[in-house]
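The structure under discussion appears below in the form of structure tokens.
The values are calculated or read from the model by the stated rules, or taken from the named source; none is laboratory data. In this text, all values refer to a predicted model and were calculated from it rather than measured experimentally. Cβ atoms come from the backbone with ideal geometry, glycine included; neighbour counts cover every protein chain shown. To get the accessible areas, we keep the full protein, side chains included, count just its heavy atoms, and leave off ligands, DNA and RNA. Shrake-Rupley method; radii C 1.70, N 1.55, O 1.52, S 1.80 Å.
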Amino acid sequence: MCGIVGAVAQRAVSGILLEGLRRLEYRGYDSAGLAVFEGEQIHRLRRAGKVENLTHAEQETPLKGHSGIAHTRWATHGKPTENNAHPHMSGDDLAIVHNGIIENFEPLKHQLQQDGFVFTSDTDTEVIAHLVARAVNQGKNLQEAFLETVSQLEGAFALGVLHKDYPDQILASRKGSPLVVGIGIGENFIASDQMALLQVTDRFIYLEEGDFVQVTPDEVMIWDANLEIVDRPVKKFEHSLSAADKGEFRHFMMKEIYEQPEVVKATLQGRISDKHLLEQAFGSEAASVFDQTQHVQIIACGTSFHAGLVAKYWLEDLAGIPCSIEVASEYRYRKHVIPANTLFVTISQSGETADTLAALRAVKDKVLASLTVCNVPGSSLVRESDLCLMTNAGPEIGVASTKAFTTQLVALLMLTVALARRHGLTEQQETDIVEALHKLPGLLLAAVKLDKEIEILSQDFAEKNHSLFLGRGPLYPVAMEGALKLKEISYIHAEAYAAGELKHGPLALVDKEMPVVAVAPNNALLDKLKANLQEVKARGGELFVFAGADHVKPEDGLKVEQMPDVPEILEPIVYTIPLQLLSYHVAVLKGTDVDQPRNLAKSVTVE
Ligand code: G6P
């Protein structure tokens with residue numbers, strides 16, 4: 001999704017802006033640009049494609065100015081061309097960068113065209129540039145013009161503005177899209193994500209909804225939505241810089257797969273004792289909310305939605321609490337019945353996914369309480385939910401989510417235990433789960449060590465164009481996640497089915513060109529699943545089965561990858577790893593852009 005970086009300093013800022021954009025690449029984008037004030041004018045450079053193209057352009061015409069704004073664009077209105085790339089300008093005076101969507105841009109554009117403004121792009125953003133310019137032309141100062149403009153915009157946005165008559169300041173504002181201010185010494189910054197600025201500062205102000213900010217090298221002034229001057233706290237960002245480096249790994253995705261034992265440990269830390277869940281981890285008000293909870297509604301998107309599907313199995317099985325789950329983009333736009341005492345749970349790596357956030361806002365006042373399982377401290381979902389349980393996965397850079405998913409599952413299992421305690425889970429059952437959780441990092445490590453074997457397996461897969469993924473029970477959503485991973489990064493068509501559904505349609509597709517992947521741990525459903533595998537085999541299908549030691553025998557057309565023995569409750573978490581590894585190796589063999597797959601964005605901050 002789009003990214004914003006801005007800097008006002010006593011040194012040249014182009015390097016800072018370009019490095020910031022590079023650090024935002026993980027969010028997904030298709031063009032990039034910057035505008036720098038130098039020699040009494042604003043110079044703009046934009047390129048379609050990668051930040052690297054923009055960097056080359058800047059090397060050819062170096063910009064040495066001390067203030068500037070920059071952007072990576074993920075196309076929403078208009079194609080990913082240079083003309084549509086940000087910053088957008090009104091004449092030569094003013095440049096603007098924008099994340100989000102302006103819903104009422106058409107009437108505004110029409111009005112501006114009638115006033116003689118000429119549009120050079122297909123974007124909604126250009127409207128903002130001309131609105132500010134028109135207000136300045138009418139005699140307003142830049143602040144007044146910017147505020148007047150913002151008040152006319154409907155939709156979601158984060159904005160940064162640079163004007164040639166105000167060369168050492170950037171104005172910025174947020175409504176519905178994240179924006180942070182980075183605090184330096186004699187220099188200050190803005191960005192849509194603190195990751196963009198970690199090379200220059202670790203001190204940040206997280207702007208609130210409706211905030212408006214004026215940033216100069218020596219000062220940051222913030223006004224809230226009521227235009228009152230406010231003092232927002234400066235927070236130190238705790239993650240280490242190395243999180244944004246690939247280290248010894250070829251791709252961030254692989255680094256993040258390997259990090260799972262460690263980040264799962266970090267997610268468990270301080271939240272379980274030897275035998276018990278430490279419920280305080282959910283916050284001081286959690287206990288009374290859990291006491292009253294009679295229904296759980298989970299809302300999420302993408303990989304996070306799959307984590308929620310697993311949680312539904314757990315919650316209904318262990319806690320006996322009815323649990324509904326739906327993707328946010330559907331839920332937010334339909335009428336729904338909310339049962340009494342509903343705990344509304346959102347799951348999100350970024351905490352900024354527009355649909356998930358909108359769903360929360362739509363029902364916040366109608367539910368018992370909201371709880372988010374989230375990976376980014378200070379994100380919108382964390383700030384706007386009553387309770388939160390952070391997944392301590394650290395920054396996830398690969399667009400295809402890996403460590404966020406497994407840590408979400410860990411958090412959701414802890415939530416299940418907290419609720420199940422109140423609904424008949426015995427102390428012994430709790431202890432069994434907690435003891436299993438203590439073993440989880442070691443089991444994940446054992447699964448990650450299958451890497452080389454899975455790399456070999458992937459060679460038989462890379463030439464295929466279609467595939468099926470099968471699982472039963474809570475392993476069905478794991479199969480869905482495996483199929484999503486493969487599609488996302490290798491572009492191989494992959495569908496997941498609950499294995500019992502095979503004969504109701506997908507079996508018609510099975511032949512030797514259709515590999516079938518099955519997750520088949522040694523649980524009560526294994527015999528049923530084996531019968532499904534035979535149905536595939538009988539039709540000449542090629543099977544790749546991930547199974548517990550010696551429980552499924554390899555045979556002609558049936559390859560078996562032996563998994564470590566895993567307590568049943570942990571199967572969905574551990575069996576995710578080989579599917580991540582399979583997708584990764586297939587993608588590498590196919591030569592795709594593993595960390596930034598085509599057309600996808602890491603953080604979807606527009607609907
Ligand atoms: C995008 C990402 C996915 C992610 C989904 C939900 O589509 O590419 O990896 O699962 O958004 O994001 P969230 O941050 O809410 O988990």
Open item on the list: Place a point 7 Å from the Cα of Arg383 along the Cα-to-Cβ direction; which residues of the range 209-224 have their backbone N under 13 Å from it?
Closed with: 209-213, 223-224
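What does the charge count near Asn104 come to, summing +1 for each Lys or Arg and -1 for each Asp or Glu among other residues with Cβ under 10 Å from its Cβ? Walk me through the intermediate numbers first.
Details: positive: Lys109; negative: Glu103, Glu106, Asp124, Glu154.
Computed value for this residue: -3.
Please report the equivalent ellipsoid semi-axes of the range 100-162, computed as sqrt(5 x eigenvalue) of the Cα gyration tensor, largest first, in whole Å. Let's see the in-between values first.
Working: eigenvalues 54, 44, 20 Å².
Working through the eigenvalues yields semi-axes of 16, 15, 10 Å.
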TODO: Mind giving me the FRET efficiency for Thr120 and Ile229? R0 is 56 Å, r the Cβ-Cβ distance, nearest 0.05 is fine.
DONE: 0.95
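Determine the shape class of the range 67-179: with a ≥ b ≥ c the square roots of the Cα gyration tensor eigenvalues, call it rounded for a/c under 1.5, and otherwise prolate if a/b is greater than b/c, oblate otherwise.
Numbers: a/c = 1.30, a/b = 1.12, b/c = 1.16.
Here the range 67-179 falls in the rounded category.
Could you state the accessible area per residue of the chain in Å², with a 1.4 Å probe and every protein chain left in place? Spell out each step's value before the answer.
On the way: 23110 Å² over 607 residues.
Result: 38 Å² of accessible area for each residue.
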Open item on the list: In whole Hz and in residue order, list the ³J(HN,Hα) couplings for the range 188-202 that follow from phi through the Karplus curve 6.51 cos²θ - 1.76 cosθ + 1.60, θ = phi - 60°; x for Gly and Pro.
Closed with: 9, 9, 10, 6, 7, 7, 4, 3, 5, 10, 5, 6, 10, 7, 10
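Pulled fully out, how much extra length does the chain show between Glu219 and Asp556, if you take 0.36 nm times their separation in residues and subtract their Cα-Cα distance?
Working: separation 337, 0.36 × 337 = 121.32 nm, distance 7.06 nm.
Full extension of this stretch gives 114.3 nm more.
Rank these residues by their accessible area, most exposed first, probe 1.4 Å: Leu543, Leu309.
Numbers: Leu543 0, Leu309 30 Å².
From most accessible down to least: Leu309, Leu543.
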- [ ] Would you mind getting the Kirkwood hydrodynamic radius of the range 292-342 from its Cα pairs, rounded to one decimal in Å?
- [x] 11.4 Å
Open item on the list: So if each residue of separation counts as 0.36 nm, and I subtract the Cα-Cα distance between Glu82 and His438, what length gain in nm does that give?
Closed with: 123.0 nm
- [ ] Measure off 7 Å from each Cα along the Cα-to-Cβ vector at Asp317 and Tyr491, then give the distance between these two points in nanometres to one decimal.
- [x] 3.8 nm
- [ ] Mind grabbing the accessible area of Ile397 for me, 1.4 Å probe, Å², rounded to tens?
- [x] 10 Å²
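Among 445-453, 191-199, how do they line up by average Cβ neighbours within 10 Å per residue, starting with the highest?
On the way: 445-453: 16.3, 191-199: 25.8.
Going from most to least packed, we get 191-199, 445-453.
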Open item on the list: With n ≥ 4 as the cut-off for DSSP H runs, can you work out [θ] at 222 nm for the chain, using -39500 (n - 2.57) per run divided by the number of residues, rounded to the nearest 500?
Closed with: -10000 deg cm²/dmol
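So how do Asp556, Asp92 rank on accessible area, 1.4 Å probe, biggest first, that is with the largest at the start?
Details: Asp556 140, Asp92 115 Å².
Accessible-area ranking of Asp556, Asp92, largest first: Asp556, Asp92.
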Task: Burial ranking of peptide ranges 362-368, 511-517 (average Cβ count within 10 Å, highest at the top) - done: 511-517, 362-368
- [ ] Would you mind computing, in nm to one decimal, how far apart the modelled labels at Leu526 and Arg11 are, each placed 7 Å from Cα along Cα→Cβ?
- [x] 6.1 nm
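Below 8 Å, C-alpha to C-alpha, sequence gap of six or more: please give me the relative contact order for the chain in percent. Mind showing how you got there, number by number?
Numbers: 1370 pairs, mean separation 74.1, N = 607.
Reported as a whole number, the value is 12 percent.
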Open item on the list: How much of the DSSP bridge set in the chain is antiparallel, in percent, rounded to the nearest 5?
Closed with: 60 percent
Task: Convex hull of the range 164-228 built on C-alpha atoms - directionally averaged projected area, nm² - done: 4.6 nm²
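Taking all protein chains as present, what is the carbon and sulfur share of the accessible area of the chain, in % to the nearest whole number, probe 1.4 Å?
Working: 11190 of 23110 Å².
Within the chain, the accessible surface is 48 percent carbon and sulfur.
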- [ ] Please work out whether the range 563-607 counts as rounded, prolate or oblate from its C-alpha gyration tensor, where a ≥ b ≥ c are the square roots of the eigenvalues and a/c under 1.5 means rounded, while otherwise a/b larger than b/c means prolate and anything else oblate?
- [x] oblate
- [ ] Taking all protein chains together and a probe of 1.4 Å, list Arg11, Arg271, Arg332 from the most accessible to the least accessible.
- [x] Arg11, Arg332, Arg271
- [ ] Taking H placed 1.01 Å from N in the peptide plane, check which residues at least 5 places from Glu82 or on another chain put their amide H under 5 Å from its amide H.
- [x] Ala48
Task: Label point at Asn465 placed 7 Å out along Cα→Cβ; residues across the range 502-538 whose backbone nitrogen lies under 16 Å - done: 509-515
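Rounded, prolate or oblate: which fits the range 443-536 when a ≥ b ≥ c are the square roots of the eigenvalues of the alpha-carbon gyration tensor, with rounded for a/c under 1.5 and prolate only if a/b beats b/c?
Numbers: a/c = 1.68, a/b = 1.10, b/c = 1.53.
Oblate shape, in that a/c is at least 1.5 and b/c is the bigger or equal ratio.
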TODO: Using the 2.2 N^0.38 Å rule of thumb for compact globular proteins, work out how the chain stacks up: its C-alpha Rg over that value, please.
DONE: 1.01
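Near Leu389, within a Cβ-to-Cβ distance under 11 Å, what is the net charge of the other residues, with Lys and Arg +1 and Asp and Glu -1?
Values: positive: Arg271; negative: Glu279.
Charge balance in the 11 Å sphere: 0.
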Task: Members of Lys235/Lys449; Lys246/Lys590; Lys109/Lys364; Lys312/Lys487; Lys449/Lys559 lying beyond 29 Å, as alpha-carbon distances in this model show - done: Lys235/Lys449; Lys109/Lys364
Task: Local electrostatic count at Leu277 - Lys and Arg +1, Asp and Glu -1, tallied over other residues with Cβ under 13 Å - done: -2
- [ ] Compute the separation of the alpha-carbon centres of the range 57-72 and the range 472-540 and state it in Å as a whole number.
- [x] 50 Å
